[in-house]
Amino acid sequence: MSETLLTVDDLAVEFVTRDRRSTALDGVSLRIGAGEVVGLVGETGCGKTLTGLSILRLLPRTARVARGSIRFRDLDLLALDELRMRGVRGSQISMIFQSPGTAFNPLFTIGSQIRHIVGEHQKLSRRDADERIREVLVSVGLPEVERVTRSYPHQLSGGMLQRAMIAMALVNRPALLIADEPTTALDVTIASQILRLLRRIQEEQGFSVLFITHDLGVVRTVSDRVVVLYAGRVAEDASTPDLFREPRHPYSRGLIAAVPRPATRGRALASIPGSVPGDPGSIVGCAFADRCELAIDRCRAERPLARTTGPEHEVACHLASLPEQGWS
Amino acid sequence: MAIGLAQPVVGAPPRGFGHRLRRALLTDPLGFFSLVVIVLLIVMAIIGSAMAPYPMQGEGASSVTTRLFPPSWAHWFGTDLFGRDILSRVIVGARGALVVSVAVVALAMAIGVPIGAIAGYSRGRIDGALMRLTDLFLAFPPLLLAMAIVAALGPGLDHAALALAISWWPWYARLARGTAISLRERPFIEAARSIGIPDRTIVLRHIVPNSLTPILVQATIDIGTVILAAGSLAFIGLGASPPAPDWGLMVAEGRTYILDQWWVSTFPGLAIFVAVLAFNLVGDLLRDLLDPRQNA
Amino acid sequence: MTRFVVRRLAGSALVLLGLSVITFTLARVIPSNPAALYIGPKARPEEIERVTRQLGLDQAPPVQYLTYMRDMLTGDWGTSIGTKRPVLEEIVSRLPATLELIAAAMALAIPLGIVLGVLSARWQRRPPDVLVRVVSIVGVSLPAFWLGLLLQVVFFRNLDLLPLSGRVSADLRFTAPIEPITGLYLVDAALGWNWAAFVDASRHLVLPALTLAAFPIGLIARMTRASMIETLDQDYIRTARAYGLRDRFVTYRLALRNALLPVLTVVGLTLAYSLTGSFFVEIVFNWPGLGTFAVHSMLNVDYPAIMGIALFGAAAYVLINLVVDLAQAWLDPRVRLA
């Protein structure tokens, strides 16, 4: 196993407003190794984006970290002062977002926006900076790099903008790239192009990726490992082939079964009845208990902790460590 | 001049609005201040003469022995060139100020809202034509059109009121059009249309009542703005004429000797300022309470 | 962009046409005896007849309108009953004084309003924000004529710091007269190296400009604040922060540029306000500009002058709107390079 680049340990994030306090992340732990692509999967509202934002300390004003730690290389990110944290953002850890159209400033050219990023983190001459920008734009497969540099965001298509955003994220050669639903807003053909691009550059340059998505199909093509999140808690954490071959958490099984496949065409779509609970912090037992057909009393009384059930395979379920139950 | 809501908020006010309004007006210092001022204005408008220490002077009777007295316990705001108690005149003048502005705003709404509602609901050519007309009136700098109309008709409070109403209706037309357009697509309007209710009834019974929220917010702010506009017109001589206790007129009358007898112009002007301030504050408050983003 | 410009120009031309119809209606159609209004109170019957024929008042309204338009476009805006000089000439000769006043007020209001608005947005809910919001709402609520009078009392009578009225001190006309080149005293004084006059004219400009600037400062500050708050909430600002850009850079070099675009519209509105607002300020400070002329015309029922000023003011507003729209379009790459 490669060295660990990022460790999130028991991260809890809550939203605090004048009247109430609700927990969005309730003890999330995960590891990302150097050069590894980890997929973070879950339904809308399970807290995956929040996890990504927490790593970079970009939480909205109403949110705060209740407990936990995030270690990146030898840095304790949650304890870092703002000045040094800014040094990390965009240079050691970069993030790309879901809708590239609104992520760029409409009044500045693509080139000048990337130049801002370069200028903030690297001491390069104007010529060297431009050269680096040109280099990174070429590496993401953009045609007519000169024209793109001089263009404004509204002049480029969604796919091109997403490539530009990836370029901007990589221009300072970060060790970790956090990708928050980068293909969700794109149409299918473009999306698959972007995914292939990401995979290719990642293999070429060797940076780690935290790939946040709700799409299991995407996660399967891109990631080395998958972390399944449910209601602010980690349900399962396994390598990609292991997860899809032998999902051990009832929720993971439900998710995988719900993906439409040519084989199941014509039949009713399998779905998980019920809906995601609102405030996971207030749930005593397993967050999934209400929707789980295998739930027993213990599930509702006691929150399941992560157990290792195989090499690099952890599950948070009371029933997972009992192999005699014979389910898979 | 009216700066309205960016997006008209249609339909009934959100739940708890009455509650939050009451809390804002009673606990927030600025809200409370505005409430007090507006209530005071209304009271002065209704029973002015009864409240004033020198009611006859308030109406215009002179008192030669008390000319140009500085503020004192007998005369809180001092007296003017004709010996009249300025406090009394300010109190009595509240009625004129309030009545004129309410009349102007009411008239502007009466003209503008139907035009705007019809334009927004009908769309197409009627909309285009009506909006072209509205834009024309809006193409005049604020107050210029009103001044030209008063000049054409001759000075006088009624002419000033009419001129101001003619200048103001386009803002309500625009507002009403905006709400009509958003309401047009609502299911209940489509339902009404599909069961054959005539357009005229739809506009009157459904579109207009549901548009009232932003329009009334605007009207509240406008009452203050019109008090200012009417006062300004009176100041330059295009409004009420002596011996009426019109605030703007009083400021103008006191101007000749303002350097030594500062109180004659200062207090009526202060009345205008405080009244406008109160209405603007209330308007801001209402807007904040109705802002859809804050309630989401 | 060219198509946009052409469309806007055509639109403005149409509006001007419509405005001329309104002023025509006010000048010729609505009054019961337009000829008498045109000449003045001491009109003799033969004069009324002559003017009736001259203005085509005996013709059908559409023909009258054409006569009216012909007159307007050739510069014949009638003769002022009060001064007996051509109305257009009166307007043009007094324009520089008013322009100088408005320019000074705007030069004060725009930077100050924007700075206050930005600070207010940056420190939301803290003392600077509260202060700015108070200043703004007071600014838009103050009657300009009252403020002017108060400033006169305080700065002239009580503190004896600034002059009471007028554009220059009376004796300066003999000791250091200004050579009129543009009609803008500050400019002319500077061009003629007449520093005594420059200082004197500046001192006279302070109070009137301050008075006229109150409302614009309030309005611009409020709108800038609202626009900044909304901009700072946008995705692209979040992106900038996500890449470690410095707070000051993000606020002042990035967000501000986006936020100022809609503020341009407000600047246009305040310019329009200043057009008529200057009337009141000029009266209070005896400023010899268009405003004083306008008010006196209205009080004396100098009909040709009133109508001329109304048309002029409306045309100026149309021009201001056109310039603001075009500027906004040009500054926004989404429109400029559509």
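Provide a single number: the residues in the stretch A:1-58 that are part of a strand (DSSP E or B), among the β-branched types (Val, Ile, Thr) and either without any contact (Cβ under 8 Å) to a residue 40 or more places away in the chain or crowded, with 20+ Cβ neighbours inside 10 Å (or both). Write out each step before concluding.
First pass over the stretch A:1-58, keeping only residues part of a strand (DSSP E or B): A:4-16, A:21-33, A:37-41.
Those left that are additionally among the β-branched types (Val, Ile, Thr): A:4, A:7-8, A:13, A:16, A:23, A:28, A:32, A:37-38, A:41.
Narrowing further to those that are either without any contact (Cβ under 8 Å) to a residue 40 or more places away in the chain or crowded, with 20+ Cβ neighbours inside 10 Å (or both): A:4, A:8, A:13, A:23, A:28, A:32, A:37-38, A:41.
Qualifying residue count for the region: 9.
Just the residues that are among the hydrophobic types (A, V, I, L, M, F, W, C) and part of a loop (DSSP other than H, G, I, E, B), please, taken from the stretch A:85-122. Working first, answer last.
Just the residues of the stretch A:85-122 that are among the hydrophobic types (A, V, I, L, M, F, W, C), to begin with: A:85, A:88, A:93, A:95-97, A:103-104, A:107-108, A:110, A:114, A:117-118.
Hits for the stretch A:85-122 are A:Phe97, A:Phe104, A:Leu107, A:Phe108.
Does C:Ala315 satisfy the criteria of being more than 9 Å from chain B (Cβ to nearest Cβ) and of a type outside the set (Val, Ile, Thr)?
Criteria met by C:Ala315.
Is there a residue in the stretch A:196-214 that is within 22 Å of A:Ile256 (Cα to Cα), aliphatic (A, V, I, L, M) and part of a helix (DSSP H, G or I)?
no
Which one of the conditions (1) among the β-branched types (Val, Ile, Thr); (2) facing chain C (nearest Cβ under 9 Å); (3) closer than 27 Å to B:Ile42 by Cα does B:Ile166 fail to meet, given that it meets all the rest?
It fails just one condition, (2).
If I filter the stretch A:103-143 down to residues being crowded, with 16+ Cβ neighbours inside 10 Å and polar (S, T, N, Q), which single residue comes out as farthest from the other protein chains (Cβ to nearest Cβ)?
For the stretch A:103-143, the residue satisfying everything is A:Ser139.
Of the residues in the stretch B:255-268, how many are in contact (Cβ under 8 Å) with a residue 60 or more places away in the chain, touching a Gly at 6+ places or on another chain (Cβ under 9 Å) and not hydrophobic (A, V, I, L, M, F, W, C)?
The qualifying residues number 2.
What is the number of the single condition among (1) in a helix (DSSP H, G or I); (2) among the aliphatic types (A, V, I, L, M); (3) facing another protein chain (nearest Cβ under 7 Å); (4) in contact with an Asp or Glu (Cβ under 7 Å, 6 or more places away or on another chain) that C:Leu245 does not meet?
The single condition C:Leu245 does not satisfy is (1).
Report, by residue number, each residue of the stretch C:265-279 that is surrounded by 19 or more Cβ atoms within 10 Å (Cβ to Cβ) and either more than 17 Å from B:Leu143 (Cα to Cα) or not assigned by TED's automatic domain parsing to the domain that holds C:Ala213 (or both).
Residues satisfying the conditions are C:Val266, C:Val267.
Pairs only if they're at least six apart or on different chains, beta carbon under 9 angstrom, first in the stretch C:318-338 and more than 9 Å from every other protein chain (Cβ to nearest Cβ) and closer than 16 Å to A:Leu156 by Cα, second not hydrophobic (A, V, I, L, M, F, W, C) and not in a loop (DSSP other than H, G, I, E, B); list them, first residue then second.
Qualifying pairs under 9 Å: C:Val335/C:Gln328.
Among A:Arg67, A:Arg71, which is the only one that is in contact with a Gly (Cβ under 9 Å, 6 or more places away or on another chain), touching a residue at least 24 places away in the same chain (Cβ under 8 Å), assigned to a strand (DSSP E or B) and not aliphatic (A, V, I, L, M)?
Being in contact with a Gly (Cβ under 9 Å, 6 or more places away or on another chain), touching a residue at least 24 places away in the same chain (Cβ under 8 Å), assigned to a strand (DSSP E or B) and not aliphatic (A, V, I, L, M) holds for just one of A:Arg67, A:Arg71, which is A:Arg67.
Report yes if some residue within the stretch B:272-286 is in contact (Cβ under 8 Å) with a residue 24 or more places away in the chain, facing another protein chain (nearest Cβ under 7 Å) and in a loop (DSSP other than H, G, I, E, B); otherwise report no.
Taking every residue of the stretch B:272-286 in turn, none turns out to be in contact (Cβ under 8 Å) with a residue 24 or more places away in the chain, facing another protein chain (nearest Cβ under 7 Å) and in a loop (DSSP other than H, G, I, E, B).
With (1) within 14 Å of chain B (Cβ to nearest Cβ); (2) in a helix (DSSP H, G or I); (3) at pLDDT below 95 as the list, and C:Gln124 as the residue in question, which single condition is left unmet?
Just one mismatch for C:Gln124, condition (2).
Answer yes or no as to whether C:Ala109 is within 14 Å of chain B (Cβ to nearest Cβ), buried (at least 18 other Cβ atoms within 10 Å of the Cβ), of a type in the set (Gly, Ala, Ser) and within 30 Å of B:Ser34 (Cβ to Cβ).
no
Given the options C:Ala13, C:Ala36, C:Ala27, name the one that is over 23 Å from C:Ala316 (Cα atoms) and outside the structural domain of C:Ile306 (by TED's automatic domain parsing).
Working: C:Ala13 fails: over 23 Å from C:Ala316 (Cα atoms); C:Ala27 fails: over 23 Å from C:Ala316 (Cα atoms).
Being over 23 Å from C:Ala316 (Cα atoms) and outside the structural domain of C:Ile306 (by TED's automatic domain parsing) holds for just one of C:Ala13, C:Ala36, C:Ala27, which is C:Ala36.
Taking the stretch C:227-243 as the search range and keeping residues that are surrounded by fewer than 19 Cβ atoms within 10 Å (Cβ to Cβ) and touching a residue at least 24 places away in the same chain (Cβ under 8 Å), which one is nearest to A:Gly90 (Cα to Cα)?
That would be C:Gln234.
Of the residues A:Val276, A:Val284, A:Val227, which single one is touching a residue at least 12 places away in the same chain (Cβ under 8 Å), in contact with a strand residue (DSSP E or B) (Cβ under 9 Å, 6 or more places away or on another chain) and not in a strand (DSSP E or B)? Write out each step before concluding.
Numbers: A:Val284 fails: in contact with a strand residue (DSSP E or B) (Cβ under 9 Å, 6 or more places away or on another chain); A:Val227 fails: not in a strand (DSSP E or B).
Within the list A:Val276, A:Val284, A:Val227, the selection yields A:Val276.
Could you please find all residues in the stretch C:220-242 being at the interface with another protein chain (Cβ under 8 Å from one of its Cβ atoms) and outside any helix (DSSP H, G or I)?
Residue satisfying the conditions is C:Gln234 alone.
Just give me the residues in the stretch C:245-272 being under 15 Å from C:Asp332 (Cβ atoms), touching a Leu at 6+ places or on another chain (Cβ under 7 Å) and in contact (Cβ under 8 Å) with a residue 12 or more places away in the chain, in sequence order.
C:Asn258, C:Leu261 - these are the residues of the stretch C:245-272 that are under 15 Å from C:Asp332 (Cβ atoms), touching a Leu at 6+ places or on another chain (Cβ under 7 Å) and in contact (Cβ under 8 Å) with a residue 12 or more places away in the chain.
Taking interchain pairs and intrachain pairs at least six residues apart, which have beta carbon atoms under 9 angstrom, with the first residue in the stretch B:229-253 and within 12 Å of chain C (Cβ to nearest Cβ) and the second among the basic types (Lys, Arg)?
Every condition considered, the pairs that remain are B:Phe235/B:Arg255; B:Trp247/B:Arg89; B:Met250/B:Arg89.
Which residue, of C:Val295, C:Val301, C:Val284, is within 17 Å of B:Gly237 (Cβ to Cβ) and either more than 10 Å from every other protein chain (Cβ to nearest Cβ) or without any contact (Cβ under 8 Å) to a residue 24 or more places away in the chain (or both)?
None of the other options fit; the residue is C:Val295.
The values are calculated or read from the model by the stated rules, or taken from the named source; none is laboratory data. Predicted model, so just to flag it, every value in this text is computed and none were measured. As a convention, Cβ positions derive from the backbone with ideal geometry for all residues, glycine included, and neighbour counts pool all protein chains shown.
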